[in-house]
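Here the structure is laid out as structure tokens; the discussion comes afterwards.
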Amino acid sequence: MVSFLLSYRADDDNVVARLLDDALTARFGSGSVVRDDPIAVELSASAALIVVIEPRLLSGLAGTLAHLPISTRRAIETAFQRQVPVIPVLVDDAELPPETALPETLRPLAQQHYRRIGTRTVHEDIRHLIDDLVTNVGAETDAAGPAIPVILSVEPVRWFMPPPKHGPTATIVYSTRQDVLEVVDRPMAWWHPGLVARYSTRYEVDTSNHRLVYDTRLPARGGAYAFEASIAVGFRVTDPAQIVRRGITDAAALVRKFLRDACRPISAQYTIDEMTHAEMAIDRQLTADTSALGGITLHLSSIRLSLDDRTGRYVRERELKRQRDDLQERASYRPGRIRPALLADEAPFPVFADDLDVPVFGGSWTGTRDGVGRLTTSFPDVTRAPERVLMARAPTQVPAGRDLSVEVRVVTEGRPVHPDAFIAPLANLLVSADGTPVTVTVHAPAGLHAEGPLQQTVLVLPDADPDPIRFGFGARTPGLHRVDVTAWAGGTFLNEVSVEVSVSDGGPFRDGPPRVALLGAPQARPGEVTLEVRFDGSRYTFQLRSDAALFAPVVESITNTPNAAVENAIKELQQLAGGGSRYNATMTREVIRSAGIQLWSEMVPADVRDQFWQVGADMSAFTIATDHDVVPWELLYPLSAQRDAGFLVEQVPVVRRTYGQRRNAKVGLGNPRFVVPPKAPTGAHEEIAAIRAILGAADSEPITRAEELLALINSGALGATHFACHNTFSSDGSFIDMDGGRFKPALLAEASIRKVLAKTGPLVFINACRSAGVAPTYTKMLGWAQQFMSSGAGAFVGTLWAVRSDSSARFATAFYQSLADGATLGAAALAARVEQQDDPLDPTWLAYTVYGDPFATAAV
């Protein structure tokens, strides 16, 4: 029987302890709870020591546990000696004292994972605690999941018996009259002279591939909390005779039991702080145990551990407390002094802050560095702060061979800046009471040689601006060079500015005006990951951004551009979409999958692939930020020796953003208009009728003339716009044949400069073949997406290759329905892709690309 030692006396008036006692007894049985003394004997048999600490037990300026009963203190000391888990339960606003305020024998208490129970939520809090204790002591039973039968039929052998029913995915096993099992390549005909004489029973065993996702809860070391686990595995029967011998009818139940028994002892070795290590250990074990089931071979697709909302709040609360304790210590040492520990350990004479190369903080700071130097933060007490702007300044002219610097500042709007400044805001930047880290990155062409780091992080405090930061370059190559400056909070894009530097032989040195951008997003959104991809004609620069880690840019030089390979891949995908290939369903999937794997392995650098696996488990959305390349990144199929979770667009919402694109929290669906040229695809009018019904739009004549559409765009009155048409794409770019002439992306040049759509932020959906294609112009790659987003559209949806008319209509209606029902832009795209996968011969669901904020929602 499972038992717990609950440290309170039966005559105590601790209401929470009494309720916890009743709940433990009800769940684990009478006699499962031991109270107070005797200590030594009962502790050895207990699953954990639960210590209930009320605010009144804490006293003294140092926060010691002076009022804790002697018996409880002795129980805690003994538990630590005997390595019995100790679970502090804090009532209301009680806190664990710092380690330095505790006696030597009780100091480990400050490091224990605690539970918090509020008197107003006491029953709910206790229920969650009991659930986690059940998981950790192994008293939990999983709910039965869907069965996967592997013995498909059992029939006695007889004359005139029918042939097997289940085709080539089943293997035939005969049982002889001596009870020996024989596996045969194909069944014997009923008229075979030896059939009835030799065999008594025929079995059909399923030997096809199966996939199972097992969601469960796993124990964590310490006993106070548990992991949420989602384990995806593939399996198939490799020894049909053994399946028959063991009488296995439901393979899913066997696999679930195996996974539970294999994972529980591993996860129990790790605390919730070591979740990544636990995940890796389980990954290694399951990868090694591929044949541990006997008769069934497993291969691991993915293992993901996570924390439920309550545990996540606890982790944030504990981290905030640790940071506040650190801030209190820092606050007692003002500029001009340094910590006594540093003076005693490292300095033989008085050290002053002015003499140091690093700052001594006297104010709030929430940033810390982990063991590998990555910046980690939390965002407590977030309040609305003054608007901030991102300002960049560089010389406009520099002689070749001269060094220059780009100065970047994050300043409060309204404070003095250079009179020639151009402002782009960091609107609605939410700054926590202890500060919000903002990472600034600069991107420069090869003609400007970087003389230092290209990425720096500043702490933005509520009532103060951070010091300016400088990025140094050497002017090596004459010409006009553009430097892009971007600001990020974790994986969340804030804004960008650009400065231009002219380098000439023997030319003058002239300072330039600052350029300023308003920071336009809140703090990092949990799980948002952005992959920046920049291409300058000879090299790619990749940078993966997330709130979990700060990675440096990765530069890859190339000898051949990917254009030809991209065109070949798109040509094959168009052939599949058009039904012109001779592949069956299985081979179609493999052809598409192989293209995605090749793109992942050849175009994504190894360092970036490793970074992806580090942050992938907690990813909530993935944004591809790119402008000047033609690569169909939505086709990515991340794969490693141990991980295979499908195409990236199957796993999380995936969107794109273009550089210079506004960040829109809302996507306009109001005042919808429809573009249907005279030579529209079959079913175009039925498509727009279905979308009208979803959006509740009144009937109106569709737009057919190019001049009418252009005038509507340039007026700034364009609402949500859906194109049901043909798009012609070539190396020269795209155009749509309309009455009055061809409508081309270049016609949006005025709208792009004037940002005419910024006020309404409409959705623009061009449901036509290769409507997301790009072609080179004078200085950049241009397409419908770039022009509409630059004009201020809230989102753009297009296709990367030719699509079927019926499939594209279904994708569009599913997308609009999800968005209108309240889904985010990214989630709506993901739902439409899932909806479209019913035809294994049709890759239309992969063809779509979506530009915008993945967390944006509809504004009707």
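The values are calculated or read from the model by the stated rules, or taken from the named source; none is laboratory data. Note that the structure is predicted; figures quoted are calculated from it, not measured. Positions of Cβ are backbone-derived with ideal geometry, glycine not excepted, and every protein chain shown enters the neighbour counts. What goes into the accessible areas is simple: the full protein's heavy atoms, side chains included, and nothing from ligands, DNA or RNA. Shrake-Rupley method; radii C 1.70, N 1.55, O 1.52, S 1.80 Å.
Out of everything in the stretch 551-569 that is assigned to a helix (DSSP H, G or I), in contact (Cβ under 8 Å) with a residue 40 or more places away in the chain and aliphatic (A, V, I, L, M), what residue ends up being least open to solvent (accessible area, probe 1.4 Å)? Going through the qualifying residues, I end up with Val566. For residues in the stretch 144-170 being under 15 Å from Val184 (Cβ atoms), part of a loop (DSSP other than H, G, I, E, B) and more than 41 Å from the chain's Cα centre (by Cα), which is modelled with the lowest pLDDT? The extreme case among them is Met161. Please go through the stretch 618-632 and pick out each residue that is open to solvent by 20 Å² or more (accessible area, probe 1.4 Å) and either outside any loop (DSSP other than H, G, I, E, B) or small (Gly, Ala, Ser) (or both). Across the stretch 618-632, the qualifying residues are Asp618, Ser620. Of Phe612, Phe674, all but one fail to be within 22 Å of Ser808 (Cα to Cα) and either among the basic types (Lys, Arg) or crowded, with 20+ Cβ neighbours inside 10 Å (or both); the exception is Phe674. Condition check: closer than 24 Å to Ile296 by Cβ, open to solvent by 30 Å² or more (accessible area, probe 1.4 Å) and not in a loop (DSSP other than H, G, I, E, B). Does Val173 satisfy that? For Val173, the condition - closer than 24 Å to Ile296 by Cβ, open to solvent by 30 Å² or more (accessible area, probe 1.4 Å) and not in a loop (DSSP other than H, G, I, E, B) - is not met. You will find that of Ala253, Ala281, the residue that is open to solvent by less than 30 Å² (accessible area, probe 1.4 Å), in contact (Cβ under 8 Å) with a residue 12 or more places away in the chain, in a helix (DSSP H, G or I) and among the small types (Gly, Ala, Ser) is Ala281 and no other.
Note on the stretch 182-194: residues that are modelled with pLDDT of 90 or more and over 13 Å from Val157 (Cβ atoms) total 1.
Within the stretch 747-781, restricting attention to residues that are of a type outside the set (S, T, N, Q) and loosely packed, with under 13 Cβ neighbours inside 10 Å, the residue that is modelled with the highest pLDDT is Glu750.
When restricted to residues that are at pLDDT below 90 and of a type in the set (A, V, I, L, M), the stretch 653-677 contains 1. Restricting attention to the stretch 82-97, the residues that are touching a residue at least 60 places away in the same chain (Cβ under 8 Å), farther than 15 Å from Leu49 by Cβ and either open to solvent by 10 Å² or more (accessible area, probe 1.4 Å) or of a type in the set (D, E, K, R) (or both) total 1. Scan the stretch 235-246 and tell me whether some residue there is part of a strand (DSSP E or B) and in contact with a Phe, Trp or Tyr (Cβ under 9 Å, 6 or more places away or on another chain). Looking for residues that are part of a strand (DSSP E or B) and in contact with a Phe, Trp or Tyr (Cβ under 9 Å, 6 or more places away or on another chain), one finds none in the stretch 235-246, hence no.
Criterion applied to Leu218, Leu212 was being touching a Cys at 6+ places or on another chain (Cβ under 8 Å), aliphatic (A, V, I, L, M), under 30 Å from Ala278 (Cβ atoms) and open to solvent by less than 30 Å² (accessible area, probe 1.4 Å), and the one residue passing it is Leu218. Taken over the stretch 806-825, residues that are closer than 25 Å to Ala569 by Cα and either surrounded by 19 or more Cβ atoms within 10 Å (Cβ to Cβ) or under 23 Å from the mean Cα position of the chain (by Cα) (or both) amount to 5. The residues of the stretch 1-46 that are on the phi > 0 side of the Ramachandran plot and either at pLDDT 75 or above or outside any loop (DSSP other than H, G, I, E, B) (or both) amount to a single one, Gly29. One residue is enough: does the stretch 622-634 have a residue meeting the conditions of a type in the set (D, E, K, R) and over 24 Å from Val797 (Cβ atoms)? No, that holds for no residue. Leu718: under 30 Å from Ala487 (Cβ atoms) and more than 22 Å from the chain's Cα centre (by Cα), yes or no? In short, yes. Note on the stretch 826-860: among residues that are out of contact with any strand residue (DSSP E or B) (no Cβ under 7 Å at 6 or more places or on another chain), hydrophobic (A, V, I, L, M, F, W, C) and surrounded by fewer than 18 Cβ atoms within 10 Å (Cβ to Cβ), the one that is modelled with the lowest pLDDT is Val860.
Quick one: would you say Ala79 is open to solvent by less than 30 Å² (accessible area, probe 1.4 Å) and under 14 Å from Ile53 (Cα atoms)?
Against the criterion (open to solvent by less than 30 Å² (accessible area, probe 1.4 Å) and under 14 Å from Ile53 (Cα atoms)), Ala79 does not qualify.
Of the residues making up the stretch 182-224, just one is touching a Leu at 6+ places or on another chain (Cβ under 9 Å), over 17 Å from Ala241 (Cβ atoms) and aromatic (Phe, Trp, Tyr), namely Tyr214.
Condition check ((1) under 30 Å from the mean Cα position of the chain (by Cα); (2) part of a strand (DSSP E or B); (3) under 30 Å from Leu404 (Cα atoms); (4) touching a residue at least 12 places away in the same chain (Cβ under 8 Å)) across all residues:
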{"residue": "Leu518", "(1), (2), (3), (4)": "yes, yes, yes, yes"}
{"residue": "Val533", "(1), (2), (3), (4)": "yes, yes, yes, yes"}
{"residue": "Lys571", "(1), (2), (3), (4)": "no, no, no, no"}
{"residue": "Glu590", "(1), (2), (3), (4)": "yes, no, no, no"}
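Kindly evaluate Val122 against the criterion of being out of contact with any strand residue (DSSP E or B) (no Cβ under 6 Å at 6 or more places or on another chain), in contact (Cβ under 8 Å) with a residue 60 or more places away in the chain, under 16 Å from Ile50 (Cβ atoms) and surrounded by 18 or more Cβ atoms within 10 Å (Cβ to Cβ). No: the conditions fail for Val122. So which residues in the stretch 707-719 are open to solvent by less than 10 Å² (accessible area, probe 1.4 Å) and at pLDDT below 95? The answer is Leu718, Gly719.
Let me confirm something: among Asp618, Asp629, which residue is modelled with pLDDT under 90 and closer than 21 Å to Ile558 by Cα?
The unique qualifying residue is Asp629.
Just checking, how many residues over the stretch 504-516 are in contact with a Pro (Cβ under 9 Å, 6 or more places away or on another chain) and in a strand (DSSP E or B)?
Total meeting the criteria: 3.
Cβ-Cβ distances below 6 Å connect the following pairs, each with a first residue in the stretch 233-248 that is touching a residue at least 24 places away in the same chain (Cβ under 8 Å), a second residue that is surrounded by fewer than 19 Cβ atoms within 10 Å (Cβ to Cβ) and among the basic types (Lys, Arg), and a separation of six or more residues or different chains: Gly234/Arg211. Scanning the stretch 665-693 for residues that are under 21 Å from Tyr851 (Cα atoms) and of a type in the set (D, E, K, R) yields Lys666, Arg673. In the stretch 477-498 there is no residue matching the filter, namely being over 29 Å from Thr412 (Cα atoms) and charged (D, E, K, R).
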